[in-house]
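Single-structure report; data block below.
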Ligand SMILES: [Zn+2]
Ligand SMILES: [Zn+2]
């Protein structure tokens, strides 16, 4: 290594991180401004906050809660307002420093949630409405404390079929800009079912892609899989390539950051898979 070699800072000129939590999500730490500072430090051009909005009345996950200054409040349109105001405040503040900040939401999908989701979507002027599929038949498959309870009801094939039926229903709803972290079941299914997940999704891809194209819904490239130790994006590269080939629009990268230091996580390679331009909303 030459003497004058310095490890380059990570720079992502023009990159966008469109899946960012903050401490309004009960499972995330760090204030909105800290995430913005982290984005600036990495020369990211645009970030979109997508706090969780979970409201399945019969879900069994961590509770349907929004954290407001550390205080847990029930998820509701009213209790979302401090988050919305805070993001809009940050958007004004950080615009002056060259960072574009967008207002988004990760709405937690559950069966028959369409009417509720529409109301939430209409309540504020969101730039981006992201669908988070975290549960199958009302039990969360991506929390350490519940995934076994979710998966033990199904064989691997049954679980994957139900997951993709859910993803297709979410896409068909036309409510969302993007389905977040497709194939997210991989997070714990590898441990639960063993290493046989490679092609289980094959029978469902064509129908999902058709639905995504018809409903003009996109999928993101979510880099959190590398933090979760499953060594893949959500979805995996094979699905991403198949989706692109089928004509599914893939525009957004998401780090799914739950800590400021995770902004732009693993974007080095992932950013080459999406168009490199600033946007905020689909034109
Ligand atoms: Zn999610
Ligand atoms: Zn998320």
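The values are calculated or read from the model by the stated rules, or taken from the named source; none is laboratory data. Treat the numbers as computed from the prediction; the structure is a model and nothing was measured. With ideal geometry, Cβ positions are generated from the backbone for all residues, glycine too; neighbour counts draw on all protein chains shown.
Below are the figures for this structure:
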| item | result |
| --- | --- |
| Filtered residues of the stretch 160-184 (kept if part of a helix (DSSP H, G or I) and either within 14 Å of ligand 2 (Cβ to nearest atom) or farther than 18 Å from residue 19 by Cβ (or both)) | 160, 161, 162, 163, 164, 165, 166, 168, 169, 172 |
| Among the residues listed as 80, 103, the single one being assigned to a helix (DSSP H, G or I) and either more than 18 Å from the chain's Cα centre (by Cα) or more than 14 Å from residue 132 (Cα to Cα) (or both) | 80 |
| Within the stretch 185-228, tally of residues that are away from ligand 2 (no atom under 16 Å from the Cβ) and in a loop (DSSP other than H, G, I, E, B) | 11 |
| Filter pass, residue 235 being crowded, with 22+ Cβ neighbours inside 10 Å and closer than 15 Å to residue 164 by Cβ | yes |
| Members of the stretch 174-185 that are touching a strand residue (DSSP E or B) at 6+ places or on another chain (Cβ under 8 Å) and more than 13 Å from ligand 1 (Cβ to nearest atom) | 175, 177 |
| Total residues in the stretch 106-126, condition in a helix (DSSP H, G or I) and either over 30 Å from residue 46 (Cβ atoms) or at pLDDT below 95 (or both) | 1 |
| Those residues of the stretch 127-154 which are within 16 Å of ligand 1 (Cβ to nearest atom), surrounded by 18 or more Cβ atoms within 10 Å (Cβ to Cβ) and in a loop (DSSP other than H, G, I, E, B), in sequence order | 133, 134, 141, 142, 143, 146 |
| Test for residue 249: is it out of contact with any helix residue (DSSP H, G or I) (no Cβ under 6 Å at 6 or more places or on another chain), in contact (Cβ under 8 Å) with a residue 24 or more places away in the chain and either crowded, with 16+ Cβ neighbours inside 10 Å or within 23 Å of residue 20 (Cβ to Cβ) (or both) | yes |
| Lone qualifier among 74, 82 - being over 17 Å from residue 49 (Cα atoms) and either surrounded by fewer than 18 Cβ atoms within 10 Å (Cβ to Cβ) or more than 16 Å from ligand 1 (Cβ to nearest atom) (or both) | 74 |
| Any hit, the stretch 236-246, residues being under 17 Å from the mean Cα position of the chain (by Cα), away from ligand 2 (no atom under 15 Å from the Cβ) and free of Cβ contacts under 8 Å to residues at least 24 places away in the same chain | yes |
| Total residues in the stretch 1-28, condition at pLDDT 95 or above and over 16 Å from the mean Cα position of the chain (by Cα) | 0 |
| Criterion (touching a helix residue (DSSP H, G or I) at 6+ places or on another chain (Cβ under 7 Å), in contact (Cβ under 8 Å) with a residue 12 or more places away in the chain and surrounded by 14 or more Cβ atoms within 10 Å (Cβ to Cβ)) met by exactly one of 65, 99 | 99 |
